[in-house]
Every structure is written in structure tokens, then in C-alpha cells.
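Enquirer: I'd like to ask you about the structure that follows.
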Amino acid sequence: MEFRVGNGYDVHLLAEGLPLWLGGIRIEHTKGCVAHSDGDVLIHALCDALLGALAMGDIGKHFPDTSAEFKGIDSKILLERTYSMVKERGYKLVNADCTLLLQRPKVAPYINLMRETLASVMGVEVGRVSVKATTTEGAGFVGREEGVAVYATVLLQG
């Protein structure tokens, strides 16, 4: 039995009039993420953590933003494909811990749905997926509502 830890981080700028996707669900807000895909920064960081745990590169290596195939793609599809690669290598998720940095909107009412959605996409128990959210108390690009960032850590067992 072997354990592997992965760390992921992603940032997206926010812009008026775009849809806001976080943790696989759409959240009503005046701004959304600027991105080649649907811009789900939480899923992107989680994919990077999963890939990093097995030294498989990053999300851009597997799903490049220069490819028309991934233009506007639902990031849940990227997570499903990423977790399939993890399982193909004989590993499974022990747990994932994701921290969302976002000034507005408040996402506490959506956290459980995000956890359920992410767990469902990966086919794991919801208790294996943690999502937390915090603001930056008005500091930096997150605090100025210019962008959103996510840190993700995973533990895999093979």
C-alpha cells in the first residue's frame, strides 16, 4: 500500500456578465470566471492536485487551453477524466480538501452541494471531499473582487 499527496492551486479573473461555476454548480452572481473552459477554478485546482499526486503534470498538459476540444467544456468532464487516469494507475482518493478564496458572493449555502457534486463525479463518498470558503478581508485581487483562487490538497492510496 502506498500513499501519495498532491497539491493544486488555480486562479481565474472575474468579469461582469459571465456565468460563475464553482465546485461543479452554477452560482448566481454578476461576475464569472474568465477562462477557456467553463472556468470552474475549484475543479481545476482539484484536478491539478490529483495529477500532481502521481507526478502526471498539470491540467494544462492534459486539457490545453489552446485546444478547441476544451473550449467552453464543463469542468466536471475534466474532473471525471482526471480521476479516471488516477484509477487507471491503481489509486483511489482517500480525501480531498479544497479552500476557495472569494470575496463575493458568499458561498456557504452552496458548500454541501459542491461536495456532493464533486464526490458524485469521482464516484466517492461525500465524506471524502471537503470544501471550505474564505474571503481575504478585502485584501489583494480576491478582496477587490478581481479574481478567485483555490487551494486543493489530496491524499491518494494505491
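Enquirer: With the condition kept exactly as written, say whether any residue in segment 32-39 is in contact with an Asp or Glu (Cβ under 8 Å, 6 or more places away or on another chain), without any contact (Cβ under 8 Å) to a residue 60 or more places away in the chain, surrounded by 15 or more Cβ atoms within 10 Å (Cβ to Cβ) and under 18 Å from residue 99 (Cβ atoms).
Expert: no
Enquirer: For segment 84-100, which residues satisfy the criterion of being free of Cβ contacts under 8 Å to residues at least 60 places away in the same chain, open to solvent by less than 60 Å² (accessible area, probe 1.4 Å) and over 12 Å from the mean Cα position of the chain (by Cα)? Steps first, answer last, please.
Expert: Looking only at segment 84-100, we keep the residues that are free of Cβ contacts under 8 Å to residues at least 60 places away in the same chain, and these are 84-85, 87-88, 96-97, 99.
Still in the running and open to solvent by less than 60 Å² (accessible area, probe 1.4 Å): 84-85, 96-97, 99.
Within segment 84-100, 84, 85 qualify.
Enquirer: Counting just the residues of segment 49-83 that are open to solvent by 60 Å² or more (accessible area, probe 1.4 Å), modelled with pLDDT under 90 and in a loop (DSSP other than H, G, I, E, B), which one comes out farthest from residue 113 (Cα to Cα)?
Expert: 66
Enquirer: Being touching a residue at least 24 places away in the same chain (Cβ under 8 Å), in contact with a strand residue (DSSP E or B) (Cβ under 6 Å, 6 or more places away or on another chain) and of a type in the set (Lys, Arg) is the requirement here; does residue 104 meet it?
Expert: No: the conditions fail for residue 104.
Enquirer: Additional query: Specify which of the listed residues (146, 116) is under 18 Å from residue 10 (Cα atoms) and modelled with pLDDT of 95 or more.
Expert: The conditions single out 146.
Enquirer: Name the residue, out of 136, 82, that is touching a helix residue (DSSP H, G or I) at 6+ places or on another chain (Cβ under 7 Å), under 16 Å from residue 56 (Cβ atoms) and polar (S, T, N, Q). Quick ask: steps written out before the conclusion?
Expert: Details: 136 fails: under 16 Å from residue 56 (Cβ atoms).
82 is the lone residue from the list that is touching a helix residue (DSSP H, G or I) at 6+ places or on another chain (Cβ under 7 Å), under 16 Å from residue 56 (Cβ atoms) and polar (S, T, N, Q).
Enquirer: Take the residues of segment 8-27 that are small (Gly, Ala, Ser) and surrounded by 17 or more Cβ atoms within 10 Å (Cβ to Cβ): which is nearest to the chain's Cα centre (by Cα)?
Expert: By that ranking, first place goes to 23.
Enquirer: Let me ask something else about it. Would you call residue 123 open to solvent by 30 Å² or more (accessible area, probe 1.4 Å), on the phi > 0 side of the Ramachandran plot and touching a residue at least 24 places away in the same chain (Cβ under 8 Å)?
Expert: yes
Enquirer: Let me ask something else. Pick from 146, 125: which is charged (D, E, K, R) and closer than 22 Å to residue 28 by Cα? Break it down into steps so the answer makes sense when it comes.
Expert: On the way: 125 fails: closer than 22 Å to residue 28 by Cα.
Only one candidate passes the filter, namely 146.
Enquirer: Residues of segment 113-158 being hydrophobic (A, V, I, L, M, F, W, C) and in a strand (DSSP E or B), which ones?
Expert: 129, 131, 133, 148, 149, 150, 152, 154, 155, 156
Enquirer: So is residue 5 in contact (Cβ under 8 Å) with a residue 24 or more places away in the chain, surrounded by 15 or more Cβ atoms within 10 Å (Cβ to Cβ) and under 20 Å from residue 151 (Cβ atoms) or not?
Expert: The answer is no for residue 5.
Enquirer: Of everything in segment 130-157, what is open to solvent by less than 30 Å² (accessible area, probe 1.4 Å) and closer than 30 Å to residue 17 by Cβ? Give them in sequence order.
Expert: 131, 142, 143, 147, 148, 149, 150, 152
The values are calculated or read from the model by the stated rules, or taken from the named source; none is laboratory data. It should be emphasised that the depicted structure is a prediction, and the values quoted were computed from it without experimental measurement. All Cβ positions, even for glycine, are placed from backbone atoms using ideal geometry, and neighbour counts span all protein chains on display. Calculation scope for accessible area: heavy atoms of the full protein, side chains included, ligands and nucleic acids excluded. Shrake-Rupley method; radii C 1.70, N 1.55, O 1.52, S 1.80 Å.
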